[in-house]
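Read-outs: derived from the displayed coordinates by stated rules, not from any lab. Quick caveat: nothing in here was measured; it's all calculated off a predicted structure. Neighbour counts run over all protein chains shown; Cβ positions are idealised from the backbone, glycine included.
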Amino acid sequence: MTEHRTGTREEWLAARLDLLESEKALTRHSDELARRRQELPWVRMDKQYRFETDAGAASLEDLFGGRSQLLIYHFMFGPEYKAGCPSCSAIADGFDGSVVHLAHHDVTLCAVSRAPLAQLQAYKERMGWGFPWASSYGSDFNYDFGVAHTQEEWQSGAVEYNFRENRDFRLPPGELGAQLSEFASRVGTDWDTYRREGPGMSAFAREDGVVYHTYSSYERGIDGLWSMQQWLDRAPLGRNETGMWWRRHDEYDSPGPARRTSAASARLGGTS
């Protein structure tokens, strides 16, 4: 027996039309935000970075693959990790379907992580992914773009993430702390090591042989990239989040339970 309010088709339609006005307003606002993103000043990239890819050593310009635009997903996979972040993995599950379309629109989509290339290749094979994934191991790239921090930075009491200072990323007490610790264990490490990586995305443009940084986003700024959550936002019970329910796609008991009543804290996987 549902505890949700029920009504007639006429009542539903009236409420749906009212909601439609709000949805249209959100769509128009989203269009405006997209325009403002594109109007941000471009920053010339004078620093050189080196990456390792399936094709060998590469520069940031090489990651464009000959195209004029590059979108990088900062995938949480540190050198100490034994596997990729489950939340980043859930987000990346949607990349392969987009890569081919983006490529035909002059845009390359590539993931970048600090783990050595061999670790990324093994995990990529396990997950059955085909999108480009580069290793920035030994490079300042992830640090310079605010998605990696040293242990010394954490011990100083404050790190900068999402364009602001974060002072308290200690493991909280109680049930949430236990959940976060368990989440860190899914990548084969502890909380102090896990938190040195962060999720995000960055955009770049290439014009007349010059590479420019155009945009970066973190935390819930990348929420829209997590297509699973967008579907849940439209499901009858929404995200229904009371715990860290998601797994890597090869860790579920297929086909899954008929009813699931938990989901996760938005904080760690890149959606807070």
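Cross-link partners for Lys124 among the lysines, with Cα-Cα distance under 17 Å and sequence neighbours closer than 8 places in the same chain left out: Lys82. Per-residue Karplus couplings for segment 233-247, computed as 6.51 cos²θ - 1.76 cosθ + 1.60 with θ equal to phi - 60°, are listed in order as 4, 9, 7, x, 9, x, 6, 6, 8, 10, x, 8, 7, 6, 10 Hz, Gly and Pro entered as x. The 3J(HN,Hα) values that the Karplus relation (6.51, -1.76, 1.60; θ = phi - 60°) gives for segment 7-14 are, in residue order, x, 7, 4, 5, 5, 4, 5, 4 Hz. Gly and Pro appear as x. Close amide H partners of Trp133, meaning residues 5 or more places away or on another chain with modelled amide H under 5 Å apart, are Asp54, Ala111. Dipole magnitude for the chain: about 360 debye, using +1 per Lys or Arg Cβ and -1 per Asp or Glu Cβ, origin at the Cα centre.
Let me have the 222 nm mean residue ellipticity of the chain computed from DSSP H runs of 4+ only, each contributing -39500 (n - 2.57), with the sum over all residues rounded to the nearest 500. Mind dumping the intermediate values first?
Working: 9 runs with 88 residues, N = 272.
About -9500 deg cm²/dmol.
Ordering Thr8, Gln38, Ser98 by Cα displacement along the dipole of the chain toward the positive end leaves Thr8 in first place; charges were set at the Cβ atoms of Lys, Arg (+1) and Asp, Glu (-1). Taking 4.7 Å between beta carbons as the limit, the unpaired Cys residues of the chain are Cys110. Shape of segment 1-91 from the C-alpha gyration tensor: oblate (a/c of 1.5 or more and a/b not above b/c, with a ≥ b ≥ c the square roots of its eigenvalues).
Projected label points at Tyr215 and Lys82, each 7 Å from Cα along the beta carbon direction, are separated by 3.8 nanometres. Backbone amide hydrogens, once placed in the peptide plane, bring Gly200 within less than 5 Å of His74, excluding anything fewer than 5 places away on its chain.
With θ taken as phi - 60° and the Karplus curve 6.51 cos²θ - 1.76 cosθ + 1.60 applied, the whole-hertz 3J(HN,Hα) list for segment 208-216 is 6, x, 10, 9, 10, 8, 10, 6, 9 Hz, x standing for glycine and proline. Applying the criteria of a DSSP loop state and at most 14 other Cβ atoms within 10 Å to the trypsin sites (Lys or Arg not before Pro) of segment 185-259 yields Arg234, Arg247, Arg259. With neighbour counts taken as other beta-carbon atoms within 10 Å, the residues Ser139, Ser59 rank, fewest first, as Ser59, Ser139. Between Asn166 and Val159, Glu160, Tyr161, the built amide H atoms are under 5 Å apart, and every one of these is 5 or more places off in sequence or on another chain.
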